[in-house]
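Below: one structure, written as structure tokens.
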Amino acid sequence: MKNLDFSVSRRYLALVGPVAISSQLDNLVGFAEIFMVRSLGSAAISAVGISRQFVMVVGITMVAVTTGTMTMVAQAIGAKDHQSASTTTKQSITLVFAVSALISLIGYLGSSTAMRLMSLPYEVIVLGLPYLKWFFISLPLMGVHYTITTCLHASEDARSPLYIAVLSNVVRLIAGYGFIFGVWSLPELGVKGAAVGGLVGSGLGMGVSILALYSGRCGLTLSPEGSYLPEWDRARRILRIGIPSAIQGLFRNGSNLVFIKLVALTAKSTTALAAFAIGNQMERVLRRTSLAFGTATTSLVGHSLGAREVDQAEKRAWTTLTLSVTGMIALGIPIALLGDYYMSIFSSDPAVLVVGIVYLWAIAAAEPFLCGAIVGDGALRAAGDTMPPLYYTLIAQWLVRLPAAYILAFPLGYGVNGIWIALVIFSAAQAILTIRKLARGDWKSRRI
């Protein structure tokens, strides 16, 4: 117990709460989008759910910038170097806008090919393709908004991003409803209308976030000194930390797409995909909560490392790990026990309900392990030690998860339930690898 310091619990949870709520707002809008399009049939539900998986894969490329930014801003604030924090934020905004604009163009042009490669049913592709293209149009706006949110979290200001997220997501939901059903004299766009609403919300979120940074009322304020023009040395430092995390995210989310492909190859694929699309929204609730724990850990551990309080940084790492895994176990139990009720909200198809309930049990069993991996990763990220988590993701996601899912589903004949079992197996593997690295302690001596 010498490495635990529960005196930081209140400060930690005060940061986790707003971060988690802010990230869950986007997830709630995802719930709402699926709920709104359910009247259009199972194919529409699958189109929105599967398209959002592509959103995660592409969005993770922004991590190449924001991970390095969070580490540098957190350590700068811990060292009370607010000018460096301001300059790093400006550089991050420039970098993420340039990267996301390029990805936006590539993604827009390649959307059709990407969806066909997933072996999705034709009706899902027809409905999902317009949704995906409109997402790529909004990507640069989302990128800047996300970057500013990350910088504010690094400064331990979680309330300002929460207020902005509430505003932008409410507008997104209202606009999405209007465009889906063609109310208030808006064109009726069906599934595509949900993505158009996302564009409106992202634009508003970006604009308000920029104003917040210059208002002087947030945990981080941009000073007149420092330019948005690229500073190559600072950009190199940001990317040196962030690129391994971005590659890690690509491996993780690329694995998710192959995972979906395996689901699509099982018998009665439309039923399995609909169950996945519904259950995955609940998985995102837990995953985003785990990510909120990881973000708060990076901020607190980063401040200690910036202030050269190495022993305190270690205590904070292990304390936050203990609190987060305990919390995730508590959250997972009701999700498993109430799985039938949750699934019935979104579908009345008995076959979808049966498959989805088993998926929810697997999620509840897997997420505490993944939470441990994410929080351990957050502590390592605070020190700029981002290469080991990349290796662990490659091992767990590609060398454990996908082979296990394939073998259990097809040669052993467990079908889609075998795929759900693989979710638990790989989660445990990734947790063991990450926590073992954290226990070694060599991350504490790194310099960014």
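The values are calculated or read from the model by the stated rules, or taken from the named source; none is laboratory data. Just so you know, these numbers come straight off a predicted model, no measurement behind them. Every residue, glycine among them, receives a Cβ derived from its backbone with ideal geometry; neighbour counts consider all protein chains shown.
So is A267 in contact (Cβ under 8 Å) with a residue 40 or more places away in the chain and either basic (K, R) or assigned to a helix (DSSP H, G or I) (or both) or not? So A267 fails the test.
Taking the criterion of being among the small types (G, A, S), more than 30 Å from V310 (Cα to Cα) and more than 22 Å from the chain's Cα centre (by Cα), the residues of the range 396-448 that qualify are A404, A405, A409, G413, G415, G418. Which condition number in (1) free of Cβ contacts under 8 Å to residues at least 60 places away in the same chain; (2) touching a Leu at 6+ places or on another chain (Cβ under 7 Å); (3) of a type in the set (S, T, N, Q) is the one that N169 fails? If we test N169 against (1) free of Cβ contacts under 8 Å to residues at least 60 places away in the same chain; (2) touching a Leu at 6+ places or on another chain (Cβ under 7 Å); (3) of a type in the set (S, T, N, Q), just (1) comes out false.
Is one or more of the residues making up the range 428-440 touching a helix residue (DSSP H, G or I) at 6+ places or on another chain (Cβ under 9 Å), closer than 16 Å to F251 by Cβ, aliphatic (A, V, I, L, M) and buried (at least 23 other Cβ atoms within 10 Å of the Cβ)? Looking for residues that are touching a helix residue (DSSP H, G or I) at 6+ places or on another chain (Cβ under 9 Å), closer than 16 Å to F251 by Cβ, aliphatic (A, V, I, L, M) and buried (at least 23 other Cβ atoms within 10 Å of the Cβ), one finds none in the range 428-440, hence no. Among the numbered conditions (1) over 30 Å from A74 (Cβ atoms); (2) crowded, with 18+ Cβ neighbours inside 10 Å, the only one that L338 does not meet is (2). Scanning the range 178-198 finds one or more residues that are touching a Lys or Arg at 6+ places or on another chain (Cβ under 7 Å), surrounded by 21 or more Cβ atoms within 10 Å (Cβ to Cβ) and not acidic (D, E).
In the condition set (1) on the phi > 0 side of the Ramachandran plot; (2) modelled with pLDDT of 80 or more; (3) not acidic (D, E), L162 is compliant with all but (1).
In this structure, does L412 turn out to be assigned to a helix (DSSP H, G or I), surrounded by fewer than 24 Cβ atoms within 10 Å (Cβ to Cβ) and of a type outside the set (G, A, S)? The answer is no for L412. Residue-level check: of (1) of a type in the set (A, V, I, L, M, F, W, C); (2) more than 23 Å from L15 (Cα to Cα); (3) surrounded by fewer than 21 Cβ atoms within 10 Å (Cβ to Cβ), A275 misses just (3).
Residues in the range 66-83 that are of a type outside the set (A, V, I, L, M, F, W, C) and touching a Lys or Arg at 6+ places or on another chain (Cβ under 9 Å): T67, G68, T71, G78. Restricting L129, L162, L152 to residues that are in contact with a Gly (Cβ under 7 Å, 6 or more places away or on another chain) and in a helix (DSSP H, G or I) narrows the list to L152.
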